[in-house]
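Visitor: Below you will find the structure I want to go over with you.
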Amino acid sequence: MSEHKTIDMAAIQMLDRAKEIGFLTTFDRAKAQEPRCTFGNTGICCRICLQGPCRILPKKPGGNKGICGAADYTIVARNTVRYIAGGAAAHSDHGREIAEVLLSVAEGRVHDYKVTDADKLVKVAKKIGIETEGREVMAICKDVATAALAEFGRVDETKELTWINAYTNEERLNIWRKTAIMPSGINLSLAKLLHQTHIGVDSDPVNIIFGGLKAALCDIDGQHLATDLSDILFGTGVPVVTEANLGAIKEDKVNIALHGHNPLLSQMVVKAAKELQDEAKAAGATGINLVGICCTGNEVLTREGVAIATNFATQELAIMTGAMDAMVVDVQCIMPTLRSAAECFHTKIVTTMPIMKIPGSYHFAFDEHHAVDSAKEIIRLAIDAYKNRDKAKVCIPNIRNKVVAGFTLEAMYNIFAKVNPENPIRVIVDAIEAGEIKGVAALIGCNNLKGTHDHNHTTIAKELAKNDVLLIATGCSAQAHALAGMMNGDAVKEYAGEGLKKFYARLNAVAGLTEELPLMFHMGSCVDNSRCQDLATALATEMGVDYAQVPYVVSAPEAMSEKAVAIGSWNVAYGNPTHVGVIAPTVGSQLVNDVVTKIAEDVFGGFFFWETDPVKASERMVEILEERNWKNAMRKKANDAKEAN
């Protein structure tokens, strides 16, 4: 393994370059943080009030509780659910911004945006109970946008969140109602959770965790409406062929990186770039080249085929190529040190959102009323930067891999329908019941430099694939596989087991695509984990079982952010076994750790398990899938025998 703690050869080249010029990257900063504080690492450090920070010393009289008297289980539970609140706030605020723009479109107040996918609009409207028959598109659009915005400000606790209510099976909804975690309003749930975890309020760890799960369900609600409304505005992705890794940066072009998580501006940059190619050529370039980083990159990859440059942990290294003329950022997972890296080169860092600024960067305030104009200004800034590029500093690794992506659930169903036109989801169910594949694994999440960058992601994918597990992927996990050359048909030949190969061969024979299907279906950004859960819902419905019986597992091999904690928590609430590849800050309390890894299964059917070894984690996931399949087979056998009698 490289001394740089990454498996990405292009990243290794750029890390060597960073060392040469004396720039300290996130890899250096991660190393400098070692050894990490044991109290913080295990979750038993409390900074909620100003009397602290308090840390738990179990064997020290008086030190075994915080100053206020909070025990380890209270502190760990509070810290954990506050992660959930932060993650749910990030995802749902993203969704709210999309909803506001969609409402502006419906009311004719903006001209740079439009309804691109009217079919998706009608589909969503019907799903959430809005009348569509005989109505104009903009009238439906207004009602859908209004319903989405109502999710945030609702204070009537007798009403339930619309999106998760519409997209979740009734049996699961009833479990949430019985456990009092079914939310009514996103803002209300988050505010109550922060109140609940204030000093001197709730000290019951189970009650606190249930409050956290309510916030986690707000997270999936915000994600789902963000995905739906983005599809309506910008189009629902279809399979595309592109490339990934730093070699996607082109020496002869004006290079602009789109980085962050919100597609509102990045989609406009894609649009404007098509119009300004001649201006780039007049500056001496052969055109404009857009590349993506993190989930904004996944958004424009899914809908526009924009190449992926890199993912979270290696974002600084795109600048180290010396050929990045501008990096346009919106919100979430953006390192403040991008500006410091840019000082070594000619790169312009452009922030675009009012809640996200970096000292010393350029700021173009996002304005949906003049979105294309703002995008053009940004592109022209990049063109001017290109003129000042020092060609002697350009060093682009000649590493890039073919990527076949754009697999929204609709795109997957279109392929499955070539096999089973009447019931597309049956294609997966038939393969599971025939023993061809063991089930489905959702590979999600971030990068975390407590381990080796992208190693856990790719190792788990290889191990599961050889065991005939169908893979879907989102976020930086999906990008890890793309960077490593695992998101194309060649990877199926190299890594898939015989059963999975047969499954893909059957699909490839009818798919009608110009490229063979990849080893895993790239389903989009981290908010698009809602697409993954919709697939699990469809499997549960078709198999006639509860979510907790579906052969479906989730893995976050390098979980890092608050959003990851929120995503993992709602997966558990849905009944999904959820692997996390870092030791979570719950182990400081045996009680809390047992609740989330053991007792949760008794209540919801889903549970967390921590495993840093990717091979062992894969073995556990395969065992879970096999156990669920065996139990389903036994139930079916018993039901058949009962009917025969």
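The numbers here are math on the coordinates, done by the rules we state, and not lab data. Remember, it's a predicted structure, so these values are computed and weren't measured experimentally. Counting neighbours? That spans all protein chains shown, and the Cβs are built from the backbone with ideal geometry, glycine included.
Visitor: In whole Å, what are the Cα extents of the stretch 9-55 along the three principal axes, biggest one first?
Guide: 46, 19, 15
Visitor: Over all pairs of distinct alpha carbons, what does the Kirkwood formula give as the hydrodynamic radius of the stretch 246-393, in Å?
Guide: Every distinct Cα pair counted, the radius reaches 14.7 Å.
Visitor: Taking all pairs of different Cα atoms in the stretch 500-560, averaging 1/r and flipping that mean, what Kirkwood radius in angstroms comes out?
Guide: For the stretch 500-560, inverting the mean 1/r across all distinct Cα pairs yields 14.0 Å.
Visitor: Taking 1 over the mean of 1/r across every pair of different Cα atoms in the stretch 502-645, what Kirkwood radius in Å do you get?
Guide: One decimal place: 17.1 Å for the Kirkwood radius.
Visitor: So what J values fall out for the stretch 341-356 if you push phi through Karplus, 6.51 cos²θ - 1.76 cosθ + 1.60 with θ = phi - 60°, rounded to Hz, Gly and Pro as x?
Guide: So the Karplus estimates, Gly and Pro as x, are 5, 5, 5, 7, 9, 9, 5, 9, 9, 10, 9, 9, 10, x, 9, 9 Hz.
Visitor: Please report, in whole Å³, the volume per residue of the convex hull around the C-alpha atoms of the stretch 401-644.
Guide: Cα convex hull per residue, to the nearest whole number: 116 Å³.
Visitor: From the phi of every residue in the stretch 82-97, what ³J(HN,Hα) in whole Hz does the Karplus formula 6.51 cos²θ - 1.76 cosθ + 1.60 yield, where θ is phi - 60° and glycine or proline is x?
Guide: For the stretch 82-97, the Karplus-derived couplings read 5, 4, 4, 4, x, x, 5, 4, 5, 5, 6, 5, 4, x, 4, 5 Hz, x marking Gly and Pro.
Visitor: May I ask for the net charge around GLY40, where only other residues with Cβ less than 12 Å from the Cβ of GLY40 are counted and Lys, Arg are +1 while Asp, Glu are -1?
Guide: Neighbour charge sum, excluding GLY40 itself: +3.
Visitor: As a quick test, which of the pairs LYS274/LYS357; LYS120/LYS502; LYS357/LYS393; LYS19/LYS391 have an alpha carbon distance above 25 angstrom in this structure?
Guide: LYS274/LYS357; LYS120/LYS502; LYS357/LYS393
Visitor: Which aspartates and glutamates have a Cα lying under 18 Å from the Cα of LYS387, excluding residues fewer than 8 positions away in the same chain?
Guide: GLU251, ASP252, ASP278, GLU279, ASP325, GLU343, GLU377
Visitor: Around VAL240, which amide H atoms from residues at least 5 apart in sequence, or from another chain, sit under 5 Å from its own amide H, with H modelled in the peptide plane?
Guide: Placed amide hydrogens put ALA405, GLY406 under 5 Å from VAL240.
Visitor: Something else now. What is the Rg over Rh value, at two decimals, for the stretch 592-637, using alpha-carbon atoms and the Kirkwood definition of Rh?
Guide: Expressed as Rg/Rh, it is 1.06.
Visitor: What nm distance separates the two modelled labels at ARG135 and LEU50, each placed 7 Å from Cα along Cα→Cβ?
Guide: Label at ARG135, label at LEU50, 5.1 nm between them.
Visitor: For Cα pairs less than 8 Å apart in space and 6+ apart in sequence, what is the mean separation divided by the residue count of the stretch 439-565, i.e. the relative contact order in percent?
Guide: 40
Visitor: For the pairs LYS450/LYS631; LYS127/LYS616; LYS253/LYS501; LYS127/LYS563, flag any whose C-alpha to C-alpha distance is greater than 32 Å.
Guide: LYS450/LYS631; LYS127/LYS616; LYS253/LYS501
Visitor: Right, next: Find the Cα radius of gyration of the stretch 149-299, compare it with 2.2 N^0.38 Å by division, and give the number to two decimals.
Guide: Taking the Cα Rg and dividing by 2.2 N^0.38 Å, one obtains 1.48.
Visitor: Give the shape of the stretch 114-206 as rounded, prolate or oblate, defined through the alpha-carbon gyration tensor: a ≥ b ≥ c are the square roots of its eigenvalues, a/c under 1.5 means rounded, and otherwise the shape is prolate if a/b is larger than b/c and oblate if not.
Guide: Verdict is prolate for the stretch 114-206.
Visitor: Students often check this: by mean Cβ neighbours within 10 Å, which of 269-275, 19-25, 57-63 ranks highest, and how do the rest follow?
Guide: 269-275, 19-25, 57-63
Visitor: Please give the calculated 222 nm ellipticity per residue for the chain, where each DSSP H segment of at least 4 residues contributes -39500 (n - 2.57) and the sum is spread over every residue; nearest 500 deg cm²/dmol?
Guide: -16000 deg cm²/dmol
Visitor: So, one more: Compute the distribution of all C-alpha to C-alpha distances in the stretch 72-234, in bins of 5 Å from 0, and list the percent of pairs in each, rounded to whole numbers.
Guide: Cα pair-distance distribution for the stretch 72-234, in percent: 1, 9, 18, 19, 17, 13, 9, 6, 4, 2, 1, 0.
Visitor: Averaging sequence separations of C-alpha pairs under 8 Å and six or more residues apart, then dividing by the length of the chain, give the relative contact order as a whole percent.
Guide: Taking the mean separation of contacting Cα pairs over the length of the chain, I get 16 percent.
Visitor: Could you give the C-alpha radius of gyration of the chain expressed as a fraction of 2.2 N^0.38 Å, taking N as the number of residues it contains?
Guide: 0.94
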